[in-house]
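Read the structure below first, then the notes.
The values are calculated or read from the model by the stated rules, or taken from the named source; none is laboratory data. No experiment lies behind these values; they were computed from the predicted model shown. Here the Cβ positions follow ideal geometry from the backbone for every residue, glycine too, while neighbour counts run over all protein chains shown. To get the accessible areas, we keep the full protein, side chains included, count just its heavy atoms, and leave off ligands, DNA and RNA. Shrake-Rupley method; radii C 1.70, N 1.55, O 1.52, S 1.80 Å.
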Amino acid sequence: MQAPSTFHAPRRVRRCGPTTEPLFVRWLLIAAALVFLGLFLVVPLIAVFAGAFAKGVGHYFHTLADPMTVSAIKLTLLTAAIVVPLNCVFGVVAAWAIAKFDFPFKNILTTLIDLPFAVSPVIAGLIYVLVFGAQGWFGPWLIAHNIRIIFAVPGIVLATLFVTFPFVARELIPLMQAQGRTEEEAARVLGASGWQTFWRVTLPNIKWGLLYGVILCNARAMGEFGAVSVVSGHIQGVTDTMPLHIEVLYQGYDSAGAFAVASLLAFLALVTIALKAWVEGKGAALHPPEEKISA
Amino acid sequence: MKKFKVLPGFKLTLGCTLFYLGLIVLIPLAATFGKTASLSLAQFWRAVASPDALAAFRLSFGVSFFAALANLVFGLLVAWVLVRYQFWGRRLMDALVDLPFALPTAVAGISLAAVYAENGWVGRWFAPFGIKISYTSLGIFVALTFVGLPFVVRTVQPVLEEFDVEIEEAAATLGANRWKTFWRVILPMVMPALLTGFALAFARALGEYGSVVFISSNIPMKSQIVPLLIMNKLNQFDYAGATALAVVMLVISFLFLFAINYLQWRSSRHRVQP
């Protein structure tokens, strides 16, 4: 038989009987689902790679070797290299506080952590303009001290921090809550220090959930467009990330070039979902212990 | 309820969490509301109730609603097929559902615009019937359906997986046919998850910017969504107008967040005691 579906214990699929549909209905539903996913996911995905090579391999590599493209790639990698570790550490710290202790207004705190998911990317950029921009709260002070945040790299990092803020935390909080605190308490009673408890007991328990969050956080950090677009100022070679560079090329009628850069991000997306599926396969750990037993 | 705390680091971790949350999320959001407070009511009203703003709100809500609705129907279908049927390529299909989460919106935008253009791979099949997709509101619908696609599937899937087949067997024993079982037994059980997914997809579609700018013609009053209007106001240095619109959108988003949390709380309660 086939491998079990991603999350839960394998379920035996009945091929006939009173709790399934006639064969032709089944085939009709499968076909409809495949057509829907094909039109919305598969065709656009293939189109990215087809578009990238529309003007030949030469143009593809010429675009990728262009100094502007290289600088965009570097900025995207730099942003992710700052944002992902910061939000990763925050996610672990927040999950530790929320999952291992009782305190009032815990639900409100959890909701606040999720808040960035509900905010439009454009607004995520706007709020930093209102704080650090020329007309913002700290604007005059920043200008007086000659510090640039908006229309510079720090703004891009801040906006990306905001949009990827909840990814790791929201993965770890339910996981660590489900695991409870008994294992850590046992470690403490047996004489382990706080750090030892974390490194030897907690971290091995949450590693798959953590990896899962980091993968998603990284994908979003590298691909963010709206928020970064507001704070970047679009200075080519300085504040253009890869998604912004795609827009520049596309609006410059170099659609093959835009798709060439896009193909790198599409490849990253494919790696991301492959890794995600792999982690989910590993991660009975992603789920509460009682489900682990049945799996 | 006072318990002796065995585990260390409560004050440290909670302090760090609150500090970082405040720095990155709460203070900037508060700044936005503070900025709005500095506007006069007339200024605020002029920005929010101007004809182009009203047209943008109408378009954003209308198209997002229909995109979320399409996701509701097809998301349920995809989740059902993935959970209940075995077929070749099921695992691949399951993994692919997450593509909109992983694919940057700008990439999705240029790709969908190309595929659904009049001479594109999909668009050319609609062109003979006089249906244009890219650069119309239908194009915005396609982009918003794309970005919201995983939500319904991923909220409904676990509920269907946990679904006790014995209930369906009972329905069959009592004489219900499959269709009746679906409407009267399965659908009510899935409903909270379905609504959660709908609300998530709706909320996501309302805020979406990246994919839409490429596939929409972005004509003011006609095909300009709210995030794009905010962007245009920013580019014209109309910070007051942009902030006023942003605050309206933020309030709506927060209402959605509460609704979603409520639905999730209900659906989890539902699942504990079926």
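What's the extension gain from B:L26 to B:F65 if we count 0.36 nm per residue and subtract their Cα-Cα distance? Walk me through the numbers before you get to the answer.
Numbers: separation 39, 0.36 × 39 = 14.04 nm, distance 2.87 nm.
Answer, rounded to one decimal: 11.2 nm.
If you take the Cα centroid of the range B:76-146 and the Cα centroid of the range A:19-97, the two points sit 13 Å apart.
Pairs to check: B:K132/B:K222; B:K132/B:K233; A:K106/B:K35; A:K74/A:K276; A:K74/A:K207; B:K35/B:K233. Give those whose C-alpha atoms are more than 18 Å from each other in this structure.
In this structure, B:K132/B:K233; A:K106/B:K35; A:K74/A:K276; A:K74/A:K207 exceed 18 Å between Cα atoms.
With a sphere of radius 11 Å drawn around the Cβ of A:Y212, what net charge do the other residues whose Cβ falls strictly inside it have (Lys, Arg +1; Asp, Glu -1)?
Working: positive: A:R170, A:K207, A:K276, A:K282; negative: A:E171, A:E280.
Result for the neighbourhood of A:Y212: +2.
From the alpha carbon centroid of the range B:1-53 to that of the range A:156-199 is 23 Å.
Per residue of B:88-97, what is the mean number of Cβ atoms on other protein chains within 10 angstrom of that residue's Cβ?
Details: counts 2, 2, 4, 7, 2, 7, 6, 8, 8, 4.
For peptide B:88-97, the averaged partner shielding equals 5.
In chain B, Cα pairs under 8 Å separated by at least six residues give a relative contact order of 28 percent.
Per-residue mean of foreign Cβ neighbours for B:60-70 is 0 (Cβ atoms of other chains, 10 Å radius).
From its DSSP helices (H runs of at least four residues, each -39,500 (n - 2.57)), chain B gives a residue-normalised ellipticity at 222 nm of -23500 deg cm²/dmol. Seen through its C-alpha gyration tensor, with square-root eigenvalues sorted a ≥ b ≥ c, the range A:205-273 comes out oblate because a/c lies at 1.5 or above while a/b is not bigger than b/c. The residues of the protein assembly as shown present an accessible area of 45 Å² per residue when probed at 1.4 Å with all protein chains retained. Scanning chain B for long hydrophobic helices, with DSSP H runs required to stretch 18 angstrom or more by C-alpha along their axis and to average at least 0.5 on the Kyte-Doolittle scale, returns B:51-84, B:137-162, B:187-207, B:239-272.
In Å², nearest 100, what accessible area do chains A and B bury in total when the solvent probe is 1.4 Å? Spell out each step's value before the answer.
On the way: alone 17360 and 16780 Å², together 25370 Å².
The contact between B and A buries close to 8800 Å².
Its relative contact order, with pairs defined as Cα atoms under 8 Å and 6+ residues apart, puts the range B:144-241 at 35 percent.
Round to a whole number: what % of the accessible area of the range B:117-274 belongs to carbon and sulfur, probe 1.4 Å?
Details: 4540 of 7180 Å².
Its accessible area is 63 percent carbon and sulfur atoms.
Using C-alpha pairs below 8 Å separated by at least 6 residues, the relative contact order for chain A is 30 percent.
Under the shape rule built on the C-alpha gyration tensor, where the axes satisfy a ≥ b ≥ c, the range B:128-270 is oblate, since a/c reaches at least 1.5 while a/b does not exceed b/c. Listed by chain and number, the aspartates and glutamates whose alpha-carbon sits under 19 Å from that of A:K282, ignoring those within fewer than 8 places in the same chain, are A:E171, A:E290, A:E291, B:D94, B:D98, B:E161.
The mean count of C-beta atoms from other chains within 10 Å of the C-beta of residues in B:112-119, rounded to a whole number, is 4.
Efficiency by 1/(1 + (r/R0)^6): what FRET value for A:Q196 and B:L255, r their Cβ-Cβ distance, R0 = 56 Å, to the nearest 0.05? It would help to have the intermediate numbers written out before the result.
Working: r = 45 Å, r/R0 = 0.81.
In this case the efficiency is close to 0.80.
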